[in-house]
Structure formats: structure tokens, C-alpha cells
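Written out below as C-alpha cells is the structure these notes cover.
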Amino acid sequence: MRFALEPEVTDFAASIDSLLVKSDMPSVIRSWAAGDTAPGTAVWSRIAETGAAALLVAEDAGGAGATAVEAVVALEVLGRHAVPGPVVESIMVAPLIAAALDDASAAGGTAGEIAAGTPASVAVPGVSPFAPDAHVAGYLWVVDDDEVFTGQPGEARRSVDRARTVTTPVRGEKVATVSTTDIVNHGALGTAAQLMGLGQAMLDMSVDYARQRKQYGRFIGEYQALKHQLAEVAVALEMARPLLWAGALAIAENPDDPRAAVRDVSAARVAVADAAYLSARTALQIHGAIGYTLEHDLGLLLTKTRALQTAWGTQTFHRGRVLDSLRSDLPGAGR
């Protein structure tokens, strides 16, 4: 079966891509890393105006009422441009918590603020214990054992990605109830989408560099060994992509049964993260040491890819979820 996106969805992705191309994202990322988040928050506001922040917010709360499929499309584009900030948490996770909060509180309105672009950061102890970029978030939550608590930023620490700060939140009062499994599914899938975009961006950058760089009088892209390396990255990304779509469909088709999506989401997270890491290693090898310097844009992608390898669950965690799911499907399991 071939998976094809609706033209409206591809046009939506193209509009976000066009916006980010014009935003000089490398400069925005470097400013964020230096402590000046103003250019980055301005970009986030423009992204929110496209409707990306409202995708998973219900229509009656001011959102688009879309599915995880559309959210994955948007996040892949945001990953390709390495947009800084709590992107996955704001687009994929916050709408679930906001919906639970609005149901639990007579005041409501949180979902509408998320849809309008208020960034949010989330931590899940044991799986994703660090909340990213809490200093720019309008909301900070801790989700533990199906309970949502308010959070206050703890001591901030730098990530390997210089444009990313993480903190272990100090838990406050309980404010709502939500499925932790659903939260982890959405966070993991969103991270996979980001990594898919990063992997593709690094592959494109490597191909362009191989066409321009000369050694011994020949473009390095003419050497068969480099062609094979780049081909392996392209194959890895393309083989991971169907799993990414399968994870998105699993969430979209099982909104009331998060456990049904566990296997497909974790399989996608593992495959995409491995492919993106291969893309990063290959890109660094092709570019040489210049690719890891602060002056080269590739370094911005490399470090974000490395940081996201453990965001919303490690590879070991997600492989374990896949294995447990497969075991539970065996005849006689649970007897």
C-alpha cells in the first residue's frame, strides 16, 4: 500500500518551509544559543500563525482538529530547519494536557492559548525527565503515573545542542489526569518527525558539499566510496519513513486506546533515530572537521540530532516497548 498525503497537507508543509527559508534560521539558532531568544520566539509566532501550533487542538477550542499525520508533516519541516525551543512539547504534547485541563477546570481556555502559539514544556519522569527550554515556555507541566502537575523550573543545564537548555522541573500541584502512555507516544512520534527532518537536511547538505569539494583534482562526490555512504543514508531514511507514517496513523486511528499505538510509535522512533544518527555521522565524515565547528551550519544539525537521540525515551526504552508489544501478541501470552 502506498501512503500519499493530501495536496492541502503538502501545501501546508511547503508554506512552513518557505517561511523558515526566509527566516535565516542559522542566525536565529546561534542567537538562541547565545542567550538571545527574541529572534527565535518571533519565528515561533510566525509558525503559530500558519496553524502549526493549533493542529492537535480541538476545533471548539480554537484549533484545527487535525490528526497526528498532519502534525508529523509540520514537525518534519521544523526539524529540517532545526527550529529551537520546545517544539514537540508545544505541538504534540501540550494539546493533550490542555484538553484535560480545560475539562477539569471551569475556567478553561488553556487549549486556546496553546493553539494561538503559547509555548509549553513537559517532563515525564523515568522517560523524558528533562523539560526543554522551560525559560521560554508559558506553561510547564510534569506528567507522572497518569497525573498532570504544574512545574517550576529547577536548575538549568546546557545540552550538547547549544541552542537547547533542559531542566528537571520542581513538581507543584496536581491539575488534571491524562494517559502517560498517550503523552509518551505523542512526544516520541514528534521527536521522530524532527529527527527525520534533521536526517534529510544533513543528507542534502552532504550531497551538495560532495558536488562542490575537490580533492586530487576531482569532486569528492565522484568517488564510489562516498556515493555508497550517501546511498546508505538515503536508504535508511526512506526505509524509516513508512514506519513514521505508521506511527502517526496508529495514533490517529486509536485516540481512545493509546496502548494500541505503542508498538508502531516506538518502532518509528527507533528506526528514524538510527537513520538520523547515520546521516549525522556520514555528514561529519564527508565534511571533515569543519562540519563540527561553530562556524559551519552543519554543526547546528549535528548537535541537535545528538540531543534528540534520548529525548522522549532512549533507543533502549523504545526497543523494549516494541519487544513487550510483540511478546504480548504471542499465542498464550499472559496465561
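If you check every pair at least six apart or on different chains, which have Cβ atoms under 6 Å apart with a residue in region 308-323 that is at positive phi first and a residue that is small (G, A, S) and surrounded by 17 or more Cβ atoms within 10 Å (Cβ to Cβ) second?
W312/S128; W312/G187; W312/A188; G313/A188
Which of the residues spanning region 132-148 are assigned to a strand (DSSP E or B) and either in contact with a Pro (Cβ under 7 Å, 6 or more places away or on another chain) or aromatic (F, W, Y) (or both)?
Matches in region 132-148: P132, Y139, L140, W141, V142, D144.
Which of the residues spanning region 261-302 are part of a helix (DSSP H, G or I), of a type in the set (S, T, N, Q) and at pLDDT below 95?
Residue satisfying the conditions is Q285 alone.
List, please: which pairs have Cβ atoms under 7 Å, are six or more places apart or on different chains, and start with a residue in region 41-57 that is closer than 15 Å to A120 by Cα and end with one that is among the hydroxyl-bearing types (S, T, Y)?
Final answer for the pair search is A53/S90.
Among D274, D264, D257, which is within 17 Å of the chain's Cα centre (by Cα) and within 18 Å of D329 (Cα to Cα)?
Answer to the selection: D264.
Step by step: first the residues of region 128-156, then only those that are surrounded by 21 or more Cβ atoms within 10 Å (Cβ to Cβ) and of a type in the set (V, I, T), then the one that is farthest from L96 (Cα to Cα). Which residue is that?
My answer is V142.
State yes or no: is V87 in contact with a helix residue (DSSP H, G or I) (Cβ under 9 Å, 6 or more places away or on another chain), at pLDDT 95 or above, β-branched (V, I, T) and surrounded by 24 or more Cβ atoms within 10 Å (Cβ to Cβ)?
yes
Quick test of your reading of the structure: L326 fulfils all but one of (1) in contact (Cβ under 8 Å) with a residue 60 or more places away in the chain; (2) buried (at least 20 other Cβ atoms within 10 Å of the Cβ); (3) part of a helix (DSSP H, G or I). Name the failing condition by number.
Condition (2) is where L326 drops out.
Exactly one condition in (1) farther than 23 Å from A250 by Cβ; (2) in contact with a strand residue (DSSP E or B) (Cβ under 7 Å, 6 or more places away or on another chain) is false for V143; which is it?
So V143 meets the others, but not (1).
Please find, among L198, L203, the residue that is under 25 Å from F317 (Cα atoms) and touching a residue at least 40 places away in the same chain (Cβ under 8 Å).
L198
Answer yes if at least one residue in region 300-308 is of a type in the set (A, V, I, L, M, F, W, C) and touching a strand residue (DSSP E or B) at 6+ places or on another chain (Cβ under 8 Å), and no otherwise.
no
Return the total of residues in region 1-22 being part of a loop (DSSP other than H, G, I, E, B), closer than 25 Å to V69 by Cβ and not acidic (D, E).
Residues that pass the stated criteria total 5.
So, of the residues in region 1-32 that are touching an Asp or Glu at 6+ places or on another chain (Cβ under 8 Å) and among the aliphatic types (A, V, I, L, M), which turns out to be farthest from R158 (Cα to Cα)?
Taking the candidates together, the pick is V9.
Between G65, G109, G51, which is surrounded by fewer than 16 Cβ atoms within 10 Å (Cβ to Cβ) and over 26 Å from P153 (Cβ atoms)?
None of the others qualify; the one that does is G65.
Output the qualifying pairs, or none if there are none: Cβ atoms under 8 angstrom, residues six or more apart or on different chains, first residue in region 170-188 and at pLDDT 95 or above, second residue among the hydroxyl-bearing types (S, T, Y) and crowded, with 22+ Cβ neighbours inside 10 Å.
Pairs that qualify, where the first residue is at pLDDT 95 or above and the partner is among the hydroxyl-bearing types (S, T, Y) and crowded, with 22+ Cβ neighbours inside 10 Å, are V184/S128; G187/S128; A188/S266.
Which of the residues that make up region 47-94 are assigned to a loop (DSSP other than H, G, I, E, B) and closer than 14 Å to H186 by Cα?
L55, L56, V57, A66, T67, P86
Quick one: T168 ticks every box in (1) surrounded by fewer than 18 Cβ atoms within 10 Å (Cβ to Cβ); (2) out of contact with any helix residue (DSSP H, G or I) (no Cβ under 9 Å at 6 or more places or on another chain) bar one, so which box is it?
T168 satisfies every listed condition except (1).
The values are calculated or read from the model by the stated rules, or taken from the named source; none is laboratory data. Since the structure is predicted, the reported quantities are computational estimates derived from the model, not experimental observations. When we count neighbours, we look across all protein chains shown, and the Cβ atoms used for this are built from the backbone with ideal geometry, even at glycine.
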